[in-house]
Each structure stands twice: as structure tokens, then as C-alpha cells.
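Read through the structure below, which is laid out as C-alpha cells, and then see the notes.
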Amino acid sequence: MPEAAAHVGSGKVRELYALDDERLLLVASDRISTFDVVLPTEIPDKGRVLTGLSGFWFARTTEIVPNHLLSLAEDGRSTECRRLEMLPIECVVRGYLSGSGWKDYVATGATSGHVLPSGMRESDRLPEPIFTPATKAQEGHDENIDAARASELVGEERFREVERVALELYAFAAEFALERGIIIADTKFEFGIDEEDRLVLGDEALTPDSSRFWPADEYTPGGMQPSFDKQFVRDYCESLGWDKTAPGPELPDDVVAGTRARYVEAFERVTGIPFDDYLADPGVVLR
Ligand code: Q0Z
């Protein structure tokens with residue numbers, strides 16, 4: 001990283017630096033969060049898996065929408081990107097009924113204004129994918145909002161554009177991943193606007209941290225599905241009877257190794273590229 005890069009933001013597991021007025025460096029750490037708490041134990045190469053997967057999707061979706069990626073750094077965990085004016089909404093697409101979508105449905109029969117068929121079970125596939133925007137909460141959880149509220153926040157024309165683009169990105173990626181044995185149940189995109197007023201896909205995209213990845217061969221609707229990547233961590237934490245407040249527990253070596261293997265498996269299944277090839281040259285995911 002250049003000496004002069006100024007730190008401009010921290011996420012739970014990522015850091016953001018300014019390279020200059022037009023460029024940012026997005027760095028994915030090996031930290032892992034579960035039940036909204038960052039754990040003291042890292043998962044080796046997790047940040048590289050997420051950065052490589054995002055880069056892979058960015059390279060394959062440019063015909064749907066331009067994105068912020070300029071280059072992947074040699075370290076495999078850092079993305080040099082264009083600085084955008086980020087939209088103030090989370091652009092969530094759901095193909096399956098889970099998480100806050102399921103909660104909303106149980107309470108009201110709808111989520112983000114989409115009235116859903118009666119009798120749906122947790123994790124059921126939706127009749128068609130739906131766009132369920134949410135506010136960006138500074139603290140606590142994002143709140144799902146309807147199209148009218150999202151349109152107030154970004155403008156009606158921009159809302160229609162992000163909805164169309166987000167649904168198109170999800171349809172492409174969900175079909176691609178399902179052919180490789182992974183259900184992308186839902187995903188969150190973050191878009192920005194460039195200096196020419198064009199919509200640009202930013203942040204990370206279609207990773208297990210911004211989406212629910214489920215193993216397709218274990219899909220059993222009617223309850224919660226195992227997470228492709230984090231299930232060992234969740235099961236271990238549940239076995240401790242931890243109250244899910246910070247600080248979280250240290251992870252034993254076998255849970256770390258099993259979780260790292262699942263992240264690497266997700267990378268290799270989706271991309272078809274051996275992870276060692278990515279470590280040797282991150283640019284391999286862009287070709
Ligand atoms: C992304 C975030 C992280 C903390 C701002 N291309 C862009 N242009 C302008 N802003 C952003 C991006 Cl990606 C941007 N975030 C989310 C990431 C640490 C916050 F690594 N915030």
C-alpha cells in the first residue's frame with residue numbers, strides 16, 4: 001500500500017483508504033463476523049477469497065452495468081477502485097425467503113411492499129426474484145423500505161434503474177452459481193454515481209459476506225439453511241452457549257481450517273479457478 005494512503009473508513013471486516021481524489025483502496029481482512037460480532041480469530045485467506053470472487057463477478061457483468069474496479073493488487077485482498085458518490089440505499093435482491101425478508105413476511109405477508117403468496121415456508125424459493133431495498137443504518141440493522149421510500153431517497157428514475165440492474169445481476173449470478181452447486185439465496189449490491197452521472201456497481205459484489213450462499217445439494221425449505229461458508233463457526237458458537245454479545249469466542253484450529261476450506265471451495269466452485277492460481281496472480285480472475 002502507498003505510504004500516503006489515508007484511512008477513510010472501517011467496516012466490520014474491511015478497511016477503506018484514499019489513494020487520491022479519484023481512487024480508493026478497498027482492503028478485505030481475514031476477520032470473520034457471526035451473529036453480528038467480529039471474532040478474535042481470523043480465517044486465513046478469507047479476505048483474498050472475497051476480493052477474488054468480487055473481481056470475478058465484476059469482470060463478467062460489465063455488459064450489465066459498469067463497476068468501480070480498476071485493478072486487483074498483488075496481495076490478492078485489495079481492490080483499487082474509482083471513487084463514486086454512493087447511493088444512500090442498500091440494493092438487496094432476494095430469490096428465496098430468508099433473513100429479514102422471512103421476518104417481514106411472517107409479520108405482514110409482505111416485504112419491502114412486495115405482497116407474497118400465502119403459505120410460504122422459511123427458505124422457500126420466491127415465485128420470482130424481488131428487489132427489497134433497505135436503508136443504510138449507521139448502527140444496528142438496515143431497515144427494509146418500499147419502492148416509494150427508496151424513490152424519495154434516490155429519485156424515481158434512478159430507483160427504476162437500480163431495480164432493473166440489480167435484478168439482472170442477481171439473475172445472471174444466481175443461475176451461474178446454481179449450475180456449480182451453490183444457491184445464492186439473496187444478495188446486497190451497493191451502487192454509486194460517477195462524474196458523468198452514470199450508475200456504477202461498487203463495493204464488493206456477490207460474495208458470501210454480501211449474500212447468503214447455500215449448498216444446493218442440502219437445500220431443504222421449511223427452516224433455516226446451512227451457510228456454505230460460516231456454518232462450522234455458527235455451530236461451534238452455538239455449542240458453547242455463548243450469549244452472542246462481544247467479545248466473541250476464539251475459534252479452535254479445526255473450525256478455522258474447516259471454514260477456510262469452505263471459503264476456498266466457494267471460490268473454486270464459482271470461478272472454476274484453482275485458488276492457488278489466484279494467489280500466484282490475482283489478475284487470473286479478470287481474464
Ligand atoms: C464503500 C465500506 C469498507 C468501510 C464507501 N467506489 C467507492 N466510492 C466511494 N465510496 C465507496 C466506494 Cl466502494 C464506499 N463503502 C463501504 C467499505 C470499509 C465502508 F471497506 N463506503
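The values are calculated or read from the model by the stated rules, or taken from the named source; none is laboratory data. Computed from a predicted model, the values in this text were never measured in an experiment. Ideal geometry is used to build each Cβ from the backbone, glycine not excepted, and the neighbour counts take in all protein chains shown. Accessible surface is based on the protein model in full, side chains and every heavy atom, while ligands, DNA and RNA are left aside. Shrake-Rupley method; radii C 1.70, N 1.55, O 1.52, S 1.80 Å.
Rundown of residues vs (1) charged (D, E, K, R); (2) in contact with a strand residue (DSSP E or B) (Cβ under 8 Å, 6 or more places away or on another chain); (3) at pLDDT below 95; (4) open to solvent by 50 Å² or more (accessible area, probe 1.4 Å), yes/no style:
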{"residue": "ARG158", "(1), (2), (3), (4)": "yes, yes, no, no"}
{"residue": "VAL165", "(1), (2), (3), (4)": "no, yes, no, no"}
{"residue": "LEU178", "(1), (2), (3), (4)": "no, yes, no, yes"}
{"residue": "GLY181", "(1), (2), (3), (4)": "no, yes, no, no"}
{"residue": "ALA185", "(1), (2), (3), (4)": "no, yes, no, no"}
{"residue": "LYS188", "(1), (2), (3), (4)": "yes, yes, no, yes"}
{"residue": "ILE193", "(1), (2), (3), (4)": "no, yes, no, no"}
{"residue": "LEU199", "(1), (2), (3), (4)": "no, yes, no, no"}
{"residue": "ASP203", "(1), (2), (3), (4)": "yes, yes, no, no"}
Scanning segment 266-276 for residues that are open to solvent by 60 Å² or more (accessible area, probe 1.4 Å) and either under 17 Å from SER33 (Cα atoms) or in a helix (DSSP H, G or I) (or both) gives GLU268, ARG269, ASP276
Pairs returned, first residue in segment 39-61 that is of a type in the set (Phe, Trp, Tyr), second residue that is open to solvent by 10 Å² or more (accessible area, probe 1.4 Å), beta-carbon separation under 7 angstrom, 6 or more apart or interchain, are PHE56/THR271; PHE58/ASN67; PHE58/LEU69
Any residue in segment 102-109 that is part of a loop (DSSP other than H, G, I, E, B), touching a strand residue (DSSP E or B) at 6+ places or on another chain (Cβ under 8 Å) and without any contact (Cβ under 8 Å) to a residue 12 or more places away in the chain?
yes
Of everything in segment 10-33, what is buried (at least 18 other Cβ atoms within 10 Å of the Cβ), more than 7 Å from the ligand (Cβ to nearest atom) and part of a strand (DSSP E or B)? Give them in sequence order.
TYR17, LEU25, ALA28
Per the filter on segment 221-237, residues open to solvent by 50 Å² or more (accessible area, probe 1.4 Å) and in a loop (DSSP other than H, G, I, E, B) are GLY222, MET224
